[in-house]
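Since every read-out is calculated from the coordinates, none of them should be taken as a lab result. Note that the structure is a prediction, hence the values are computed from the model and not measured. In this analysis, Cβ positions are derived from the backbone assuming ideal geometry, glycine residues included, and neighbour counts consider all displayed protein chains.
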Amino acid sequence: MKLFEYRGKELFEKHDISVPKGKLVKNEKDFSGLNFPFILKAQVPIGGRGKAGGIKSVENLKDAKEKFSQIMGMNIRGCTVRKVLAEEKIDIEKELYLSITLDRSKRMPLIMISGEGGMDIESVPDEKIFKEWVNPLIGIQPFNIRSVVSKLKLEKEEEKGVAKVISKIYKLFREYDCELVEINPLIISKDGEVMALDSKVNINDDALYRHPDIEPELVELTPLEKDAKNKGIAFIQLDGNIGVIANGAGLTMATLDALTHFKGDGGVFLDLGGTDDPEKVKQAFELMKKAKPKVIFLNLFGGITKCDTVAKGVKAVITKEGIDCPVITRIKGCNEDIAKDILKDAGLITAATLQDAAQKSCELARGA
Amino acid sequence: MAIFVDDKTKVVVQGATGHQGMFHIGEMLDFGTKVVAGVTPGKAGQEVHGVPIFNDVKDAVDETSANTTLVLVPARFAKDAVFEALDAGIKTVVVITENIPFHDAMEFVHYAKYNDAVLVGPNSPGIASPGKSKVGILPGGIFLKGNVGVASRSGTLTYEIVNSLSEKGMGQSTCVGLGGDPITGTSFIGALDAFEKDKDTKAVVLVGEIGGTAEEEAAEYITKNISKPVFAFIAGRTAPPGKRMGHAGAIIARGKGTAASKIKAFEKAGVKLAKFPTDIADLVEKYG
């Protein structure tokens, strides 16, 4: 779960990492108590908001009112701004980049730091990003921190300040089960203070249960995606017009790939997972119907999920409510013969191979 | 021979008395696996399909000489279960549990390495060496004994590919489900290394998917270290970036881990790639 900047900064403050004074402003009344000039920052869970006009400096009350109304409600790459953070302006001496993330290949937390802060880290050349891996069993040690901080060529006092922040964000990263903690920029102010001007904190969804203090963020899902989430079904709406139901993420993706091969477009990704519960299959098929694809392509490989269980669930929905689009099925594995009979009986098209089924689905979707 | 599990494998099942545990102990016994013990705290003295249940892994190892564990406990108890097994001297750990916090996985993966143990998973469907042993939840009926080694990051897709190999009469030495999580103990490299050394394995099939860089690293490793023919399928060629496709492993972020980059890396390493999962069998038949 990606936290908004202001919530990440709340965690920073809790871990004794300095951030600029600021507060969320919901309307103009909230400006009282803030000293001009200050900065208004749109709170959205994606990058690039500065370029999109989501960050503005304000000089006086009139200026603040005007710019606040511009930012609130603005659309930044598909995200509507519903929260705005007002923050004191800081005089910057140096801008750094600092992050801790998970290195999947080394299976270790990776610290990255650079003297080139403030810009997109992807555009900073590799030799200017210093990296250090931490053994998760022993935790961060002084030598880990020394090895990266010494490369930044800072003043002695600045080095000490940055070293402290690294050890604190490592603690935060581990304590809060983070996938990413990024501070860009981490600045050294004219007064010599090390401060986080931004925050990106991404918490591992699977660990949220042990962080009751982190309130779930409202994620922007389509109504059907929300419905699916509540039912525990992996359901993603895409741009195409063929609805794919398969079991297992890999097989579902491979099915979408097969459609692309025959010049069709997947419209829904529905992964039944390893269920063997006819009720869940019924719910999944109902969701698919509501998404109104032009063709439904059911691709099953029965192992733990038995083919006939799925077939029964699908037939139950069709018998009860009917269906107004063609359904192509391709069934393999455990109890496939029983399943094929059930599906034929329900009036569905059964194909012999994945290729045949994908090709047929694409033809029907094109109206052939 | 085979890799990771064979006829010397003696399995203890952690989380043996739950619905899944009971079902899969039965399935594994049918496959011929030596399931020697189950562990559920507080349930010592009970039996599941004739397999004795112990309170902890140490008791189970002392009594039965179990050398491999199958972890089926719920996600929030998984870290404790793996640590317990490693401290009891278990050298092969197969973690089926999904949705384990990745910080937990990171810790037990490192602890396994520190203990010189092989850890497969988490979020793995398990390992099967046909004719010898199956440790996991893979459907037993699809396998055939033979010389193709299979390592996969995807569950169902593996069953599909194994099934198509078996239908064409090409059996498997071992099939390893590596698991779909961002952090896994054994990667393609670990499996490739073991298959290269295994004299029963004549060809290797890799089933990859988008997300991470495991396939790119495998490609580099193949170029340098693998003499046996390698075949691959990559799922997610058309997945939109930034969307989580069903599980944690399958996400493209920041332009990395795309299917295109994986395919390119494999092609460079001389790996033959299939367009459809079921084509793998034809490729192996032709070139294997």
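The smallest convex shape that holds all Cα atoms of segment B:1-45, its convex hull, gives 78 Å³ per residue. Length gained on full extension, A:E127 to A:R366, computed as 0.36 nm times the residue gap minus the Cα-Cα distance: 81.0 nm.
Considering every Cα-Cα pair within segment A:223-365, what fraction, in whole percent, is farther apart than 27 Å? Walk me through the intermediate numbers first.
Numbers: 803 of 10153 pairs.
The share of Cα pairs beyond 27 Å in segment A:223-365 comes to 8 percent.
Looking at chain A, the DSSP beta bridges with both ends there are about 70 percent antiparallel. Here, segment B:10-120 yields an orientationally averaged convex hull projection of 6.1 nm² when only Cα atoms define the hull. Using R₀ = 25 Å, calculate the FRET efficiency as 1/(1 + (r/R₀)^6) where r is the Cβ-Cβ separation of A:K190 and A:K14; round to 0.05. Approximately 0.45, to the nearest 0.05.
Could you name the aspartates and glutamates in cross-link range of A:K151, using Cα to Cα under 16 Å and dropping any fewer than eight places away on the same chain? Straight-line reach from A:K151, under 16 Å: A:E95, A:E116, A:D126, A:E127, A:E132, A:E159.
Percent of Cα pairs in segment A:179-277 per distance bin of 5 Å, from zero to the largest separation: 3, 10, 13, 14, 13, 13, 10, 8, 6, 4, 3, 2, 0. Overall shape of segment A:269-327 was characterised from the C-alpha gyration tensor. The equivalent ellipsoid obtained from it has semi-axes of 18, 12, 10 Å, in decreasing order.
How large is the Kirkwood hydrodynamic radius of chain A, in angstrom, based on all distinct alpha carbon pairs?
After inverting the mean inverse Cα-Cα distance, the result is 24.0 Å.
A simple packing score, the average count of other Cβ atoms within 10 Å per residue, orders the peptides B:137-147, A:223-233 as B:137-147, A:223-233, with the highest score first. A simple count of charges around A:G243, restricted to other residues whose Cβ falls under 13 Å of its Cβ and scoring Lys, Arg +1 and Asp, Glu -1, yields -1. In chain B, inverting the average of 1/r over every pair of distinct C-alpha atoms gives 18.9 Å as the Kirkwood radius.
Couplings 3J(HN,Hα) for segment A:249-259, derived from phi with the Karplus relation 6.51 cos²θ - 1.76 cosθ + 1.60 (θ = phi - 60°), are 5, x, 5, 5, 5, 4, 5, 4, 4, 5, 4 Hz, where x marks Gly and Pro. For segment A:207-258, the square roots a ≥ b ≥ c of the C-alpha gyration tensor eigenvalues yield an a/c of 1.5 or more together with a/b exceeding b/c, which makes the shape prolate.
Among the chymotrypsin sites (Phe, Trp or Tyr not before Pro) within segment B:151-195, not one is in coil by DSSP while having at most 13 neighbouring Cβ atoms inside 10 Å.
A cut-off under 15 angstrom between Cβ atoms defines the neighbours of B:L86, and their net charge, with Lys, Arg +1 and Asp, Glu -1, is -3. Pairwise Cα distances in segment A:78-189 exceed 23 Å in 32 percent of cases.
To the nearest ten degrees, helix A:61-71 and the longest principal axis of the Cα atoms of chain A are 20 degrees apart. Look at the dipole of the protein assembly as shown built from charges on Cβ: of B:A88, A:S114, B:L72, the Cα furthest out on the positive end belongs to A:S114. Rounded to two decimals, the Cα-based Rg/Rh of the protein assembly as shown, with Kirkwood Rh, is 1.00. Name the lysines eligible as straight-distance cross-link partners of B:K132: C-alpha to C-alpha under 16 Å, and not fewer than 8 places from it in the same chain. By straight Cα distance, B:K132 reaches B:K8, B:K10, B:K34, B:K145, B:K199. By the beta-carbon count within 10 Å of each Cβ, the least crowded to most crowded order of A:R49, A:R330, A:R366, fewest first, is A:R366, A:R49, A:R330.
Tell me the net charge near A:E193. Cut-off is 11 Å between Cβ atoms, A:E193 excluded, with +1 for each Lys or Arg and -1 for each Asp or Glu.
Numbers: positive: A:K190; negative: A:D91, A:E93, A:E157, A:E158, A:D191.
Counting the neighbours of A:E193, the net charge comes to -4.
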